[in-house]
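The values are calculated or read from the model by the stated rules, or taken from the named source; none is laboratory data. In this text, all values refer to a predicted model and were calculated from it rather than measured experimentally. Reconstructed Cβ throughout: ideal geometry from the backbone, glycine too, with neighbour counts over all protein chains shown. Just so you know, the surface numbers come from the protein's heavy atoms only, side chains and all, with ligands and any DNA or RNA stripped out. Shrake-Rupley method; radii C 1.70, N 1.55, O 1.52, S 1.80 Å.
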Amino acid sequence: MPRSALTPVSWPSYLGRKASLSALVLLAGALTAAAQTVPSSPAAEPITPIPAPARLEPRPLALGEQLFHDTRLSHDNTRSCGSCHDTGTNGASADARDRGVDGLLLPLNTPTVFNAALNFRLNWEGNLRSLEREAEEGLRNPATMASSAEEVIVKINADAVMVQRFRDAYARPPDVAALLNAIATYERSLLTPGSRFDRWLAGETSAISPEELSGYLLFKSLGCISCHQGVNIGGNLFQRHGVFYTLGTPEPERVRVPSLRNVAVTAPYFHDGSAATLNEAVRQMGLAQLDRVLTDQQVGSIVAFLRTLTGAYQGRSVMPASARPTVDAVPR
Amino acid sequence: MRLALAAGGVLLLALLTWLLLRSINTNASAYAEAQRAFDDFALAEASISRDALQARAGLLGNYDVLVAAEEAMESAVSKIRLHVEAENIDPTPVDRLAAAVAQYAELTERFKSGNSLLQNSLSYVSQLSTDPAFGALSDRFAPSATALAAAVLRLARDSSVESASSLQQQINRFEAQAPIGGPDGEAARALIAHALLLSGLLPDVDRTLRALVATPGRLPLEETRAILAHAQAASELTAQRFRLLLYLVSLVLLIIAVRLGLWLRARTLKIRRLVDANIIGIFVTDLEGRIFEANDAFLRIVGYDREDLVSGRVRRTGLTPPEWRERDERALAELRSTGSFQPVEKEYFRKDGSRVPVLVGAALFKESGEEGVAFVLDLTERKRAEERLRVQHTVAQILAEAATIEEASPRILRAMGECLGWDVGALWRVDREAEALRCVELWHKASIEVPEFERVSREFTFVPGLGLPGRVWSSLEPDYIPDVVPDENFPRGSIAEREGLHAAFGFPILLGGEVLGVVEFFSREIRQPDQELLDMLATIGSQIGQFIERKRAEEAFRASTEALRRSEERWRTVFQNAPVGIGTLNLDGPFVTANPTFQRMLGYGEDELRSLTGLDITHEDDRAATRRLIDEMMAGGRQSYQMEKRYRRKDGQVIWVLVNTSIIPASGSTPAFFAGVVVDMEERKRAQEERERLRQLEADLAHMNRVSMMGELAASLAHEITQPVGSAGNNARAALNFLDKQPPDLGEAREAIDSVVGDADRAGDIIDRIREQIKKAPPRKGRFALNAAINEVIVLAHSAIVKNGVSVETRLADGLLPVLGDRVQVQQVVLNLVLNAVEAMGSVEAGARELSISTEQTKTGGARVAVRDSGPGIDAEHLERVFQAFYTTKSSGTGMGLSICRSIIDAHGGRLWAEANDPRGAVFQFSLPGAGAHEFSSGGSPS
C-alpha cells in the first residue's frame, strides 16, 4: 500500500464540509509541516526540559524540609513523609506497595515525590490538585499518617524551637496553613533538572547517543509520546489503562498518566507496582496500551531512551531506592 | 469654643475625605482587574480551541498548553468571583461561568485521553501500511485492509454517522476475510482492534472537540461581563454624584476657609502689631535654644542688633547666666510636658556682658512641638525701683540700729552692694589734718577676691579732685563711671583692670555743704549711668551724714560731761590732798570751802571757817594791807594779788604764809568768788635754813681740810717758794753784774732779769695756789681742764713727794675734754689722795715707792682719775670704811679727809672708790661727768 493512501489530502472536500474545524487543523498542519519532516530536531519536541526551580523563600523551605522528615507528623510518631518518599534516593521506596501505619499494604505503589510539583494532578487517581491539599490529605489518611494537620500543630506548639522556626518563617505561631505551605514549598523544590535528554532538548546534540535517539524516535512513532509528553513526560492528562489488554489491577480504572522522569531509577512500575523492571514495564505498556508486541530490540531501544531521563536533585543524580536502605534520618 | 471649632473642622474633613473616597470609584481598578480576567478567560478559551484543534490534527503533541489554558480560565474565574463578591453583585452568572469552566475541564480531559488513544491508533494504522508484516499480507488482505484504512481515514476526517457505519462495514468485511492465527492473524486482529477503537473513539473525540470549540464559556462570560459593566456604570454614576457633592462641599469649605483666613489674618495682624509694637520682647525659639525671630524690643533688651540675630549669634543658652541654667532646665521640662511654662523672673546677659533682669514666659507651637514663642518683659526699672527702696530702707534701718558709724559702715556697704548688685564697696573719710580721703572700710562680695585693689585702696589717699573719691569730694555730687579702666582720672585703673572691675559710682556723705566722706562701689561689669540711682545715692549720702552728725553731737555731749566729771574729781583730789591750803570765799567775806591743809594750817575746822572771813584770820598788823588789796580786786583794778603775811591760828599762834588770791568771775549759775592758795612759810623757811647751815658746815669742813693740808705742807711749800726766790736773787745779782760791766752787757742783763721775772712768777703762782686753797670761798661751778689742775696739785705736793723718796709717774690722757665743777675742790680731792698715798708709802720700809697719777676719758664723755701707790694697801673689808668720817689709820689726822673727798665728788655727780692695786698698794679713783653732760648741783649733800 502506497504511503499516499494514509495521507489526508482531499483538501477541497475537507474544507467544504468542515470549514471552521478543518481550516484550523490545516493551518496548524501547514505551520508545523516543516518541523515534522525533521523529526529529530529538539526545538519543536512535545517534551520540554525541566525549568530551573523557582526561587523559594528559604525559611519556609528549610522548615518544610524539616517537617517533611519529622515523625511527629504521623499520629504515632513513627513515620514521616520521608519514610516512603526517600529524597536521598529516588523520592519513593523500593517496594511495590508500602505499608501504612496499620501495617497493611497500601492499595497503590508510592509515586516519587521528585517533580511531583510538575504534575497537573496528584496521586495515581489524580484526585488532588495542589501539593497543600495532597499534604493535608496525606496527614489525614488513616492508612498513611493517620493524623491531621491540626494534630500536628498541637504537637509542634509544644516544641519551642519549632514554634520559633515557624515564627521566623511566617511571622506567626504555627498553624495549619503554614504547616501545609512549608511542606508544599519544600516539595516544589524537589525538581530534578539536568537529565541528558533535557540537555539534548536544550540543543546539546551529543548529550544522547544515536541509539538513545533512535529509542526516542521509536517512542514517538509507536505512540507512547501521545500520553507521555509535556515537561514531565506525562502527568498532564488522565488515561484508562488496559486499553487493549489488562494492565495490573483493574482499580483505579482511570489514572493520571505517570511522569517518565527518572523512570529508570523508580522501579517498580505501574499503579500496583507489578512491573519490577523497566523492560518489563515497556513491554507491558506496548501490549496493553498500544496493542503492540514489541521486540526485545525495540524494548531495549526505548529503555535506552528512558535512561536518558534521569535528572539530578541538588546536583546529585537520582538513584534507585534499592541502592541504599530506607533510613528515616530526621534532622532534629 | 476652640474644642467645638476643632471638632467641626475634623468633622468637615472627615466628610470631605468620605466624599472624595466615594467619588473616586475605588472599584475602578478592581473593575479593570476583572476586565483583564475576562480577557484572560477569553484568551484561554481561544487557546484551548486552537490547541485542541491542533492536537486533534496531530500537530500538537504536548498537552501542557491545554493544562495551562484551563488553569488560566480557573484563575480568571476566581478573580471575577472575587470582584463580584466584593461588589456584592448577583453571583449567578459567575456560577454559570464556573460551570462552563468545569465543563471545559471535563471536555479537555476527555479530549486529551481520547485524542491520545486516537493518535496512537491512527499512528498504528498509518504504520501498518509500512509494516513488513503488513506488506507480507498485502497480497491477500491488501484490498480489504486498504478499504479499512480508507474508512478509518474517512472517519478521521468526518466523524459523521455515515462514516462511522461505513467504517463498521469495512471492519466487518475485513474481519470476515481476515486470517485466523499466525502472524497474519495477529496483525489482522490488531488492525481490527485499532479500527474498532477508532470507530468508537473518533466520533466521540470529535464531539468533544466540537463542544470545546463551541466555546461554552462565551455566553456566561458575556453575561457576567454585562452585569459587571452595569454594576460598574452604576457605581460610576454614584461616584459622579459624590463628585458633585464633593465639589459643593469644597465650595462651602473654601468659603469658610476664606472667612477663617480673613479672621486669622486679622488676628495675626493683631499679634503682628503686638510683636511690632515692641511693648514687650518676643522671640521664636526651639528647644535647642536657637532663636529664629525676634522683635526689636527683645533685641533692645538684650542689646543685640538684627544682624546678630540673622547670623545666629543670639542663642538662648548664651543669654542665660550660669546660675539660671538649672532653673531654665526646669522651665524647659515644664514646657515639654505642658506646652508652656509660667512666667519666671530671671536674668539675661546683654551683648556687652551686663545683665538685665527679665520676666520670661513661653509656649510651644502646638503643630511642631519643638518650636515656641517666648515673651520677655524688661524688669530693669521695676528691679531697680525695688532695689532702691530696699537699699534705702536697709540703710535707714542699719543707721537706726548702729551705735557708731564705724559699726554701721561695713553693714551699709554690704547691704548696698548686695541689694544693688555691685561687687566692691569702699568708704572713705575725710582726714582733716592731711586734707585727704582715707579708706576706712572696704567690702567685697564673698564670691570674688580683689586683694590688690583692696590693699592699694587702704594705702592710698585721695586729695580733692583726684580719682573717683576726690572728684566726688570736690563736686559734692554723686559720680558715675561706666568703666574705670579707660578713665584718665582713675589712679587705680590698671589694678581694676587686672582684677576685673569696671563700672563704678561714688557719692558723698554730706552734712550741710561739708563732705564727711565718700562711698564708692565697683562692679565687674560695665554699666551705664543711672540717674535715679545717683539721686538715691545722694539721699543715702545725706542720711549717713546726718547720722554721723547726730553721733558726733551725742559724742561731744558725752565727752564734755565726762570731762567735767573728771575735772571735778581731779579738782576735788587736788583740793583735798594739796600740800598748800586752798580756800574759796564769797565776795562778801566768809569762807565757802577750805581744804584739809588749810584747816590744819589754821587749826580751824571747815565749818568754823564758814563763819570767818579772810580778814578775821589775818594778823592784826597785816589786815590793812590785805583789805587794800581786796578792795582793789573788788573794784576791778586787779585779778589777783600775792603777799607774804601772817595768820593768827585758832590757838593764837602766828604763822607766816604766802597768800595767792584771785577773783573768779561768775560763770553760768555760779557767782563770782575769791579763791586763795596759801603756802605755809614757816616750814619752808625752816627747811631752807637747815640746808644752808649744812652747806656751810660742809664748806667749812672742806676749808678746814684744805687749811690743815696746807699746814701739813707748810715746810715743803716753804721750800717750793724758797727755791724760786733764791734763784731770783741769784739771777738779780747776775743781772747787776752784767749791768756793772763796762759797757754794761744789757743783753745778758735782760736775760737774767727775764729769769728773775720767771722765778718771781713761779713763786707767785705757788703762793696763789696756796691762797686759793686756804681762801674760804663758796663753791662755784665752771669748766676747766682737768690735766692742768692735776699738774698744779703735783707741784704743790712735789716737795712732800720728794722728801718721802717717792717716784712720781703721771699718765695724763691727751686731749682730755674739759670737765665741769669747782676747780679748787677737785684739786683738794686729788691733793688729799696724793698726800695719803705718799704718807702710806712713807710708812713702808721696803720696796720701791711709786706713785702713779693717771687720767682717762670715759665713754660717756666724762673723765676718770686714778691715784695708785705701792704702799701697804687696804684690807678688802676696809675698802668702804675708809670713806667714813673719823676713820683713820694714821697717827696724825682728823679722819675726815676721804669722807670730805667723797662728799665733794658726790656733789659733782661723780663717784669715788678704792681698790687694791696690782701688785701691791691701793688705788683711789674718781670719775667726773663731762662738761654739760651733767647739771652740777651746787648743794653739798648727796640727796
>> With the requirement that a residue be polar (S, T, N, Q), in a helix (DSSP H, G or I), touching a residue at least 40 places away in the same chain (Cβ under 8 Å) and crowded, with 20+ Cβ neighbours inside 10 Å, what does region A:255-310 give you?
In response: A:Gln289, A:Ser301
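A quick yes/no check of all residues on (1) without any contact (Cβ under 8 Å) to a residue 60 or more places away in the chain; (2) open to solvent by 20 Å² or more (accessible area, probe 1.4 Å); (3) touching a helix residue (DSSP H, G or I) at 6+ places or on another chain (Cβ under 9 Å); (4) within 14 Å of another protein chain (Cβ to nearest Cβ):
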{"position": "B:Ile192", "(1), (2), (3), (4)": "yes, no, yes, yes"}
{"position": "B:Leu197", "(1), (2), (3), (4)": "no, yes, yes, yes"}
{"position": "B:Ser235", "(1), (2), (3), (4)": "no, yes, yes, no"}
{"position": "B:Gly281", "(1), (2), (3), (4)": "no, no, yes, no"}
{"position": "B:Val284", "(1), (2), (3), (4)": "no, yes, no, no"}
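Only one of A:Gly235, A:Gly248 is part of a loop (DSSP other than H, G, I, E, B), touching a residue at least 24 places away in the same chain (Cβ under 8 Å) and either more than 24 Å from A:Arg99 (Cβ to Cβ) or charged (D, E, K, R) (or both); which?
Being part of a loop (DSSP other than H, G, I, E, B), touching a residue at least 24 places away in the same chain (Cβ under 8 Å) and either more than 24 Å from A:Arg99 (Cβ to Cβ) or charged (D, E, K, R) (or both) holds for just one of A:Gly235, A:Gly248, which is A:Gly235.
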> Considering only residues of region A:195-232 that are more than 11 Å from chain B (Cβ to nearest Cβ) and part of a loop (DSSP other than H, G, I, E, B), which is nearest to A:Asn123 (Cα to Cα)?
Replying inline: A:Ser195
> So is B:Arg210 facing another protein chain (nearest Cβ under 10 Å), out of contact with any strand residue (DSSP E or B) (no Cβ under 8 Å at 6 or more places or on another chain), surrounded by fewer than 19 Cβ atoms within 10 Å (Cβ to Cβ) and under 30 Å from B:Lys79 (Cβ atoms) or not?
Replying inline: yes
> Of all residues in region B:286-331, which are part of a helix (DSSP H, G or I) and β-branched (Val, Ile, Thr)?
Replying inline: B:Ile301, B:Val302, B:Val310, B:Thr317
> Looking at region B:627-734, what strands (runs of 3 or more DSSP E) fall wholly within it and have at least 2 residues that are in contact with a His (Cβ under 6 Å, 6 or more places away or on another chain)?
Replying inline: B:640-648
> Do we find that B:Pro491 is out of contact with any strand residue (DSSP E or B) (no Cβ under 6 Å at 6 or more places or on another chain) and either farther than 22 Å from B:Met416 by Cα or not polar (S, T, N, Q) (or both) in this structure?
Replying inline: yes
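Per-residue answers, yes or no, for (1) closer than 30 Å to B:Gln528 by Cβ; (2) over 27 Å from the mean Cα position of the chain (by Cα); (3) open to solvent by less than 20 Å² (accessible area, probe 1.4 Å); (4) basic (Lys, Arg):
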| site | (1), (2), (3), (4) |
| --- | --- |
| B:Ala362 | yes, yes, yes, no |
| B:Phe365 | no, yes, no, no |
| B:Glu370 | no, yes, no, no |
| B:Val373 | yes, yes, no, no |
| B:Arg384 | yes, no, no, yes |
| B:Thr394 | yes, no, no, no |
| B:Leu399 | yes, no, yes, no |
| B:Glu407 | no, no, no, no |
| B:Pro410 | yes, no, no, no |
> For A:Asn123, all conditions in the list (1) surrounded by 15 or more Cβ atoms within 10 Å (Cβ to Cβ); (2) touching a residue at least 60 places away in the same chain (Cβ under 8 Å); (3) more than 17 Å from the chain's Cα centre (by Cα) hold save one; what is the number of the exception?
Replying inline: (3)
>> Quick test of your reading of the structure: B:Ile89 fulfils all but one of (1) modelled with pLDDT of 85 or more; (2) more than 10 Å from every other protein chain (Cβ to nearest Cβ); (3) buried (at least 18 other Cβ atoms within 10 Å of the Cβ). Name the failing condition by number.
In response: (1)
> When region B:796-821 is examined, which residues are found to be open to solvent by less than 70 Å² (accessible area, probe 1.4 Å) and assigned to a helix (DSSP H, G or I)?
Replying inline: B:Leu796, B:Ala797, B:Ser799, B:Ala800, B:Ile801
> Within the bounds of region B:34-51, is there any residue that is in a loop (DSSP other than H, G, I, E, B), hydroxyl-bearing (Ser, Thr, Tyr) and within 9 Å of chain A (Cβ to nearest Cβ)?
Replying inline: no
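Would you confirm whether any residue within region B:165-173 is of a type outside the set (Gly, Ala, Ser), loosely packed, with under 15 Cβ neighbours inside 10 Å, touching a helix residue (DSSP H, G or I) at 6+ places or on another chain (Cβ under 9 Å) and assigned to a helix (DSSP H, G or I)?
Yes, there is a match, as at least one residue in region B:165-173 is of a type outside the set (Gly, Ala, Ser), loosely packed, with under 15 Cβ neighbours inside 10 Å, touching a helix residue (DSSP H, G or I) at 6+ places or on another chain (Cβ under 9 Å) and assigned to a helix (DSSP H, G or I).
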> Quick check, is B:Lys803 under 60 Å from the mean Cα position of the chain (by Cα) and basic (Lys, Arg)?
Replying inline: no
> Which members of region B:525-548 meet the condition of being open to solvent by 70 Å² or more (accessible area, probe 1.4 Å) and not in a loop (DSSP other than H, G, I, E, B)?
Replying inline: B:Gln531, B:Glu532, B:Asp535, B:Gln546
>> Between B:Arg350, B:Arg327, which is in contact with a strand residue (DSSP E or B) (Cβ under 7 Å, 6 or more places away or on another chain) and within 25 Å of B:Asp276 (Cβ to Cβ)?
In response: B:Arg350
>> The conditions are (1) surrounded by 17 or more Cβ atoms within 10 Å (Cβ to Cβ); (2) among the acidic types (Asp, Glu); (3) within 30 Å of B:Val657 (Cβ to Cβ), and B:Glu698 fails exactly one of them. Which is it?
In response: (3)
> Are there any pairs with C-beta distances below 7 angstrom linking a residue in region B:463-479 that is farther than 18 Å from B:Asp530 by Cβ to a residue that is in a helix (DSSP H, G or I) and open to solvent by less than 60 Å² (accessible area, probe 1.4 Å), with the two at least 6 apart or on different chains, and if so which?
Replying inline: B:Val463/B:Gly470; B:Pro464/B:Gly470; B:Pro464/B:Trp473; B:Gly465/B:Arg471
>> All but one of (1) crowded, with 16+ Cβ neighbours inside 10 Å; (2) farther than 14 Å from A:Asp70 by Cα; (3) not aromatic (Phe, Trp, Tyr) hold for A:Pro142; state the number of the condition that does not hold.
In response: (1)
> If you check B:Ala46, B:Ala7, which single one turns out to be closer than 24 Å to B:Asn115 by Cβ and open to solvent by 20 Å² or more (accessible area, probe 1.4 Å)?
Replying inline: B:Ala46
>> Let me spell it out: the conditions are (1) over 20 Å from A:Val255 (Cβ atoms); (2) free of Cβ contacts under 8 Å to residues at least 12 places away in the same chain, and A:Arg129 meets all of them except one. Which number is the exception?
In response: (1)
> Which condition breaks for B:Ala76 when tested against (1) at pLDDT below 90; (2) part of a helix (DSSP H, G or I)?
Replying inline: (1)
>> Suppose we filter B:Leu107, B:Leu66, B:Leu122, B:Leu82 for residues that are away from chain A (no Cβ under 13 Å) and in a helix (DSSP H, G or I); which single one remains?
In response: B:Leu82
> In this structure, does B:Val707 turn out to be under 30 Å from B:Pro596 (Cα atoms), more than 60 Å from the chain's Cα centre (by Cα) and surrounded by 13 or more Cβ atoms within 10 Å (Cβ to Cβ)?
Replying inline: no
>> Any residue that is within 17 Å of B:Thr380 (Cα to Cα) and open to solvent by 30 Å² or more (accessible area, probe 1.4 Å) - is there at least one of those in region B:305-322?
In response: no
>> So, B:Leu228, is that one within 14 Å of another protein chain (Cβ to nearest Cβ), in a helix (DSSP H, G or I) and touching a residue at least 40 places away in the same chain (Cβ under 8 Å) or not?
In response: no
